[in-house]
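The values are calculated or read from the model by the stated rules, or taken from the named source; none is laboratory data. A quick note: this is a predicted structure, and the numbers were derived from the prediction, not measured. When we count neighbours, we look across all protein chains shown, and the Cβ atoms used for this are built from the backbone with ideal geometry, even at glycine. Keep in mind that these areas ignore ligands, DNA and RNA; they rest on the heavy atoms of the full protein, side chains included. Shrake-Rupley method; radii C 1.70, N 1.55, O 1.52, S 1.80 Å.
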Amino acid sequence: GGSIGSEICRQVLAHGPRELVLLGHGEHSIYTLLEELGKLSPAPPLRAVIGDVADARTMEGLFRETRPGVVFHAAAHKHVPLMEFNAREALRVNALGTWTVARLAGEYGAERLVLISTDKAVNPTSVMGATKRLAEMLLQEAQSAYPGTAYLAVRFGNVLGSRGSVVPKFERQIRDGGPLTVTHPEMRRYFMLIPEAVSLVLQAASIGEGGELFVLDMGEPVRIAALAEMLIRLHGYRPNGDIPIVYTGLRPGEKLFEELFYDPDHVLRTTHEKIFAARLEARSGERLAEALASALAGGDEEARALLRAWVPTYAPGGGMPAEECSA
């Protein structure tokens with residue numbers, strides 16, 4: 001039901017699936033998507049399920065009943081500052097949820113599973129990014145455990161127009177007369193339109209053989225302050241004249257710059273000019289699964305300790321006080 005998941009549903013329907021199962025934890029987003037897709041003619045073969053990807057009992061019942069051929073796993077907690085203060089929940093959904101879905105895809109004979117990952121998984125400074133990196137690692141372990149299923153991850157940056165995206169936030173702030181809040185004058189992010197990102201995800205899914213980590217070419221990163229100024233001008237106002245821009249400082253876990261690759265020199269081209277490939281990295285899945293269960297029996301500190309132990313590139317931090325952020 002999220003921005004990426006719902007667009008995947010729209011584009012998959014164009015290829016005439018026998019059945020499309022919409023799984024989401026938020027009933028409103030699934031209901032809204034059902035209403036939209038239900039207006040299509042002829043009526044598409046839809047099934048809606050409200051469930052939590054980390055709920056093994058619900059997920060196993062779903063896989064047993066539907067036996068999906070292809071699984072797109074887009075469910076995740078994505079808000080960086082919120083997850084800094086909800087580390088156990090981030091670990092539960094982003095890591096355990098991924099392992100649960102990946103394990104069941106293998107056990108019930110899915111042809112392939114595609115994980116939607118993020119640029120924040122590269123050298124993560126946030127809990128959210130570290131849990132998504134852990135999800136990538138768990139996917140490779142699933143590939144080793146269930147070689148009959150092709151497991152793929154697709155990593156990209158921000159998508160324009162998504163829930164929580166900076167552009168809708170700026171639009172609301174402009175309607176309210178400002179100010180536009182930017183965390184830092186030099187903050188840069190990669191951006192792509194949702195339909196383009198999903199189209200590339202589907203193409204990556206079709207060319208993958210299993211065990212690949214695909215990275216989308218998102219062009220050059222955009223300076224967020226420049227984006228704010230452009231939007232103000234497009235609405236007929238003067239930046240810092242009619243509508244002020246205020247710098248608030250990096251929030252917990254945030255980085256000034258995001259990266260798409262760990263090592264750009266060891267990334268392979270594919271048959272598509274905007275899709276690159278690397279290999280997923282494996283760790284001991286049995287030990288990791290045990291460590292994951294142990295951490296989830298505790299609280300946020302236990303969750304953070306697991307991330308520090310199992311994600312070598314995780315460097316907690318990334319924020320700075322607002323008073324250190326000047327124009």
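Please give the net charge around Thr271, taking every other residue with its beta carbon less than 13 angstrom from that of Thr271, where Lys and Arg add +1 and Asp and Glu add -1. List each step's numbers first, then the result.
Numbers: positive: Arg269, Lys274; negative: Glu209, Glu212, Glu273.
Cβ neighbours under 13 Å give a net charge of -1.
Of all DSSP beta bridges located in the chain, what percent are antiparallel, nearest 5?
On the way: 9 of 36 bridges.
Antiparallel bridges: around 25 percent, rounded to the nearest 5.
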Taking the chain as the reference, fit the longest principal axis to its C-alpha atoms, fit the long axis of helix 166-175 to the helix C-alpha atoms, and give the angle between the two in degrees, 0 to 90, nearest 10.
40
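With a 1.4 Å probe and all protein chains left in place, how much of the accessible area of the chain comes from carbon and sulfur atoms, in whole percent?
Details: 7890 of 15230 Å².
Solvent-exposed carbon and sulfur of the chain make up 52 percent of the total.
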For the residue pair Thr248 and Glu209, what label-to-label distance in nm results when each label sits 7 Å from Cα along the Cα-to-beta-carbon direction?
4.7
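Let me check against my output: what whole-number percent is the relative contact order of region 1-120, with C-alpha pairs under 8 Å and at least 6 apart?
Values: 135 pairs, mean separation 30.6, N = 120.
Relative CO of region 1-120 lands at 26 percent.
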By how many nm would the segment from His235 to Asp55 grow when fully extended, if each residue of separation counts as 0.36 nm and the alpha-carbon distance is taken off?
60.2 nm
Relative contact order of the chain (C-alpha contacts under 8 Å, at least 6 apart) in percent is 20
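If you average 1/r across every pair of different Cα atoms in the chain and take the reciprocal, what Kirkwood value do you get, in Å? Write out the running numbers ahead of the final one.
Details: mean 1/r = 0.0484 Å⁻¹.
Roughly 20.7 Å, rounded to one decimal.
Which FRET efficiency, nearest 0.05, do Leu34 and Ala309 yield, Cβ-Cβ r, R0 41 Å? Numbers along the way, then the final one.
Values: r = 41 Å, r/R0 = 1.01.
Working from the Cβ atoms, E equals 0.50.
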5 angstrom amide H check on Ile275, placed H, neighbours 5+ away:
Asp217, Thr270
Is the shape of region 23-92 best called rounded, prolate or oblate, per the rule: a/c under 1.5 gives rounded, else a/b larger than b/c gives prolate, else oblate, with a ≥ b ≥ c the square roots of the Cα gyration tensor eigenvalues?
oblate
Cα point-scatterer Debye curve for region 55-171, base-10 log of I(q)/I(0) at q = 0.12, 0.14, 0.15 Å⁻¹:
-0.45, -0.60, -0.67
Do the sum for the chain: with -39,500 (n - 2.57) for every DSSP H run of n ≥ 4, divided by all residues, what is the mean residue ellipticity at 222 nm, to the nearest 500 deg cm²/dmol?
-12000 deg cm²/dmol
Surface per residue (accessible, 1.4 Å probe) for the chain, Å²:
47
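Under a Cβ-Cβ cut-off of 9 Å, what is the net charge of the residues other than Gly157 that fall near it, where Lys and Arg count +1 and Asp and Glu count -1? Before the final figure, lay out each step's value.
Details: positive: Lys120, Arg155, Arg189; negative: Asp119, Glu258.
Result for the neighbourhood of Gly157: +1.
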For the chain, what is the number of Lys pairs with C-alpha distance below 23 angstrom, counting only pairs 8 or more positions apart or on separate chains?
11
Once both label points are put 7 Å beyond Cα along the C-beta direction, the Glu186-Ala43 separation in nm becomes 5.8
Pop out the ³J(HN,Hα) list for region 131-147 in order, Karplus 6.51 cos²θ - 1.76 cosθ + 1.60 with θ = phi - 60°, rounded to Hz; leave Gly and Pro as x.
5, 6, 5, 4, 4, 4, 5, 5, 5, 5, 5, 4, 4, 5, 6, 10, x
How big is the gap, in Å, between the Cα center of region 111-166 and the Cα center of region 1-69?
20
Can you work out ³J(HN,Hα) from phi for every residue in region 46-58, in order, using Karplus 6.51 cos²θ - 1.76 cosθ + 1.60 and θ = phi - 60°, giving whole Hz and x for Gly and Pro?
10, 9, 10, 10, 9, x, 10, 5, 8, 8, 4, 5, 5
